[in-house]
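**Student:** One structure, as structure tokens, below. Some questions next.
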Amino acid sequence: MGYALRVDAHLQRRIAVEGLTFDVGRGAAAPRRIIDDVSFSVVAGGVFTVLGPSGSGKSTLLRCLNRLVEPSAGRVLLDGHDASELPVQELRRRVGMVFQTAALFDGNVLDNVLYGPRLREGRAGDGMARGAAGDADSACAQAEGLLRRVGLPAAFCDKPVTELSGGEAQRVSLARALANEPEVLMLDEPTAALDPTASQVIEDLLLQLAADTDLTFVFVTHNLAQARRIGDHGLLLVDGRVVDQGPLPAFLDDPAEDITRQFVEGRLQSGDAAQ
């Protein structure tokens, strides 16, 4: 792995979001606004948590950051450079993504873990059969190292993805994202579909990565306890708007805004941000 050990970079902004807006039904008489003039920044090496009730626009916001959807207005800066001006493949390498449900490709674990590196080399889908023996050995060693990093045995390389449990599949998805050696890792409720034991494994892995590397995390969740455990800063998104933000856990334990208090107490209803 090519990760550097974490350095004291707490004052460096890795991501800056300025006036981000996303509408659906553009061109229609009344487009619907999903993300409404959102601005925030994420420091390098931090774990930034995006909180909010269901339907608040959290997943859409994450997809705008990685250009899986293009915002209607505003911009996203990565290390001070407009992300819209970066080649998409470069952006996807530098900003990895892990979804709520592991979206693995057909084949075995090895093919999934090394998909990104092979894509960059123009060999995606080739498997190992067409490579030289030395290349195959190197690929195996790389994949085994990534699997160990996410708590899976090297023997999983040859395992068909159809034989993986939900927690194992999510760890393979995480290893696949790490294979690109990203600078930022975005996670869209990666434990929501897992049982408590598997969820804890994923949380522990992320905390270890945060402690050992200079990776920057943007973590979407609606789980307050999880946000308190893993986040160091965060924001509350309601009806597509940032209604509060600050350091964690103080941001949630001592809310400055009434709407945050309502969310923490489970009393926040859809549409309350407009009131």
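**Student:** Using only Cα atoms, locate the centre of the stretch 218-266 and the centre of the stretch 154-214, then give the distance between them in Å, rounded to an integer.
**Tutor:** One Cα centre to the other: 24 Å.
**Student:** Would you mind finding the longest exposed-site-free stretch of the chain, with exposed GluC sites (Glu not before Pro) meaning DSSP loop and at most 14 other Cβ atoms within 10 Å?
**Tutor:** The answer is 122-256.
**Student:** Which percent, nearest 5, of DSSP beta bridges in the chain are antiparallel?
**Tutor:** Among the beta bridges of the chain, antiparallel pairing accounts for roughly 55 percent.
**Student:** As I understand it, the dipole of the chain uses +1 on the Cβ of Lys and Arg and -1 on the Cβ of Asp and Glu, about the Cα centre. Which of Pro190, Ile259, Cys157 lies farthest toward its positive end?
**Tutor:** Cys157
**Student:** Could I ask something else about it? Using Cα pairs under 8 angstrom and six or more residues apart, how large is the relative contact order of the chain, in percent?
**Tutor:** 27 percent
**Student:** Under a Cβ-only charge scheme (Lys and Arg +1, Asp and Glu -1), can you give me the dipole magnitude of the stretch 189-256 about the Cα centre, in debye to the nearest 20?
**Tutor:** Using only the charged Cβ atoms, the result is roughly 120 debye.
**Student:** On to the next question. Taking the beta-carbon count within 10 Å as an exposure proxy, list Thr101, Thr213, Thr197 from fewest neighbours to most.
**Tutor:** Thr197, Thr101, Thr213
**Student:** Right, here's the next one. Using Cα atoms only, what is the angle between the long axis of helix 133-149 and the major principal axis of the chain, expressed in degrees (0 to 90) to the nearest 10?
**Tutor:** Roughly 40 degrees, rounded to the nearest 10.
**Student:** Could you please tell me the mean projected area of the C-alpha convex hull for the stretch 164-275, averaged over all directions and given in square nanometres to one decimal?
**Tutor:** Across all orientations, the stretch 164-275 yields a mean hull projection of 7.7 nm².
**Student:** Still on this structure: Helix-only estimate, please: 222 nm mean residue ellipticity of the chain, summing -39500 (n - 2.57) across DSSP H runs of length 4 or more and dividing by its residues, to the nearest 500.
**Tutor:** Mean residue ellipticity at 222 nm (helix-derived): -9500 deg cm²/dmol.
**Student:** Given all pairs of different Cα atoms, what value in angstroms does the Kirkwood hydrodynamic radius of the chain take?
**Tutor:** Computed over the chain, the radius equals 19.6 Å.
**Student:** Taking neighbour Cβ counts within 10 Å as the exposure measure, how do Cys64, Cys140, Cys157 sort from fewest upward?
**Tutor:** Cys140, Cys157, Cys64
**Student:** Ranking His222, His81 by Cβ neighbours within 10 Å, fewest first, what do you get?
**Tutor:** The fewest-first ordering by Cβ neighbours comes to His81, His222.
Only the coordinates and a few stated rules stand behind these numbers; no lab work does. Predicted model only: the values in this text are computed from it and were never measured. Methodologically, a virtual Cβ is constructed for each residue, glycine included, from the backbone with ideal geometry; neighbour enumeration extends over all protein chains shown.
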